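Novice: Have a look at this one before I ask anything.
Values in this text are rule-based calculations from the coordinates and carry no lab data. If you're wondering where the values come from, they're calculated on a predicted model, not measured in any experiment. Don't worry about glycine lacking a Cβ; one is built from the backbone with ideal geometry, like all the others, and counts go over all protein chains shown.
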Amino acid sequence: MSTGYERVIKAYEYVRSQTDFQPKIGVVLGSGLGNYAKQMEVVQEISYDEIPGFPVSTVEGHDGRFLFGYVSGTPVVLMKGRVHYYEGYSMEEVVLPIRLMALLQIQVLLLTNAAGGINPNFRVGDFMIIKDHISSFVPSPLIGRNLDELGDRFPDMSHVYDPSLREVLKATAKEAGIEVQEGVYVQASGPNYETPVEIRMFAALGADAVGMSTTCEAMVARHAKVRVCGISCISNAAAGLSDEELCHSDVQEMANKRGKIFEQYISGIIQHLNTSLD
Ligand code: HPA
């Protein structure tokens, strides 16, 4: 299998052979948050396993499809399910879908995930607008030959999460009466949850929430000059912050429980983004 740009182009060409839909916003749905797809007027569905060279998720509860369609009139491409580094894919493979959406010329990428809360002021079920991230504990997805066709060798990461989009996320929450937190997300490799001491280390470094995705996706999107915003659903207290043992089904259950409000929030965000992009 070819790597790098050719591989992205092959995937892109396949998608373009199936649809000429032009999305304005790309959305990645995290664990337990996949029900959002029901809010969409779907025009075209493409399963990851039909796209040549595409990574396919092996995790239970992680569906794998692109949905093209409209949310209140806004053209959107939705990633229902993502692959993770812990599944054994290279970082380059993990971020291939994001590069594909960049080639589809989305203007904004909205990333969502379920995350463990590190900040002691966070409660399970809270939403956190991501204001910055720590990606230093996983390899950069930009290692290897630079895809010059997509972006620079040494891209700036000073403002990964677009400040004006963060304002849109805050304003939308306020209008909908949804309480939101704001904080720093750290990506750990997984698949194991962290130890309590690792969580204390992350806290000391300034992290507010921890998960196993997102920062690598945000970085390749920025590399390709796509504007990025992100929201975590705090699905559990991180290791050592509660007596509960951590397990994937509880994480999914909590994300599902907050599903309805989350769906309302995402729809509001898409509407507001749409007007802010016009
Ligand atoms: N740690 C890492 N990833 C996670 C967690 C966690 O506590 N919760 C949801 N994803």
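Novice: What number, in percent, do you get for the relative contact order of the chain if the mean sequence gap of Cα pairs under 8 Å and at least 6 apart is divided by its residue count?
Specialist: Here the relative contact order equals 25 percent.
Novice: Using the beta-carbon distance between Ile9 and Glu182 and R0 = 25 Å, what value does 1/(1 + (r/R0)^6) give for FRET efficiency, to the nearest 0.05?
Specialist: Once the sixth-power term is evaluated, E becomes 0.10.
Novice: Quick check: residue separation of Glu167 and Arg200 times 0.36 nm, minus the Cα distance between them. What number comes out in nm?
Specialist: That works out to 8.9 nm of additional length.
Novice: Using a Förster distance of 41 Å, how high is the FRET efficiency between Gln22 and Asp243, based on the Cβ-Cβ distance and rounded to 0.05?
Specialist: According to the calculation, E is roughly 0.25.
Novice: Separate question: Where is the GNM fluctuation largest for the chain (alpha-carbon springs, 10 angstrom cutoff): Ile51, Ile231, Ile129?
Specialist: Between Ile51, Ile231, Ile129, it is Ile51 that shows the largest mean-square fluctuation.
Novice: Please work out how much length the chain gains when fully extended from Glu175 to Arg145, using 0.36 nm per residue of separation minus the C-alpha to C-alpha distance, in nm with one decimal.
Specialist: Value of the extension gain: 6.3 nm.
Novice: Now, a different point. Of Asn192, Leu241, Thr74, whose Cα points farthest to the positive end of the dipole of the chain (charges on the beta-carbon: +1 Lys, Arg; -1 Asp, Glu; origin at the Cα centre)?
Specialist: Value: Thr74.
Novice: A further question on this structure: Name the trypsin sites (Lys or Arg not before Pro) in segment 218-278 that are in a loop by DSSP and that have at most 16 other C-beta atoms within 10 Å, would you?
Specialist: Within segment 218-278, the qualifying trypsin sites (Lys or Arg not before Pro) (loop, at most 16 other Cβ atoms within 10 Å) are Lys225.
Novice: Springs between alpha-carbon pairs under 10 angstrom, Gaussian network model over the chain: which of Met79, Met157, Met219 fluctuates most?
Specialist: Between Met79, Met157, Met219, it is Met157 that shows the largest mean-square fluctuation.
Novice: A follow-up question, please. Taking the Cβ of Glu182 as the centre, find all other residues whose Cβ is under 14 Å away and add up their charges (Lys, Arg: +1; Asp, Glu: -1).
Specialist: -2
Novice: Can you tell me how much longer the chain between Asn121 and Gln44 gets when fully stretched, taken as 0.36 nm per residue apart minus their C-alpha distance, in nm with one decimal? Can you show the working numbers first?
Specialist: On the way: separation 77, 0.36 × 77 = 27.72 nm, distance 4.15 nm.
This chain segment gains 23.6 nm when fully extended.
Novice: Please find, in a Gaussian network model of the chain (springs between Cα atoms separated by less than 10 Å), the residue of Arg166, Arg99, Arg82 whose mean-square fluctuation is greatest.
Specialist: Highest fluctuation of the listed residues: Arg166.
Novice: Show me, bin by bin at 5 Å from 0, the whole-percent P(r) of the chain based on Cα pairs.
Specialist: Percent of pairs per bin, in order: 1, 6, 14, 18, 21, 18, 13, 7, 2, 0, 0.
Novice: Near Phe68, within a Cβ-to-Cβ distance under 13 Å, what is the net charge of the other residues, with Lys and Arg +1 and Asp and Glu -1?
Specialist: Surrounding charge for Phe68 is +1.
Novice: I want to make sure I understand the PRE zone here: with the label point 7 angstrom from the Cα of Asp152 toward its beta carbon, which residues in segment 213-257 have backbone N atoms less than 14 Å away?
Specialist: The answer is 222-226.
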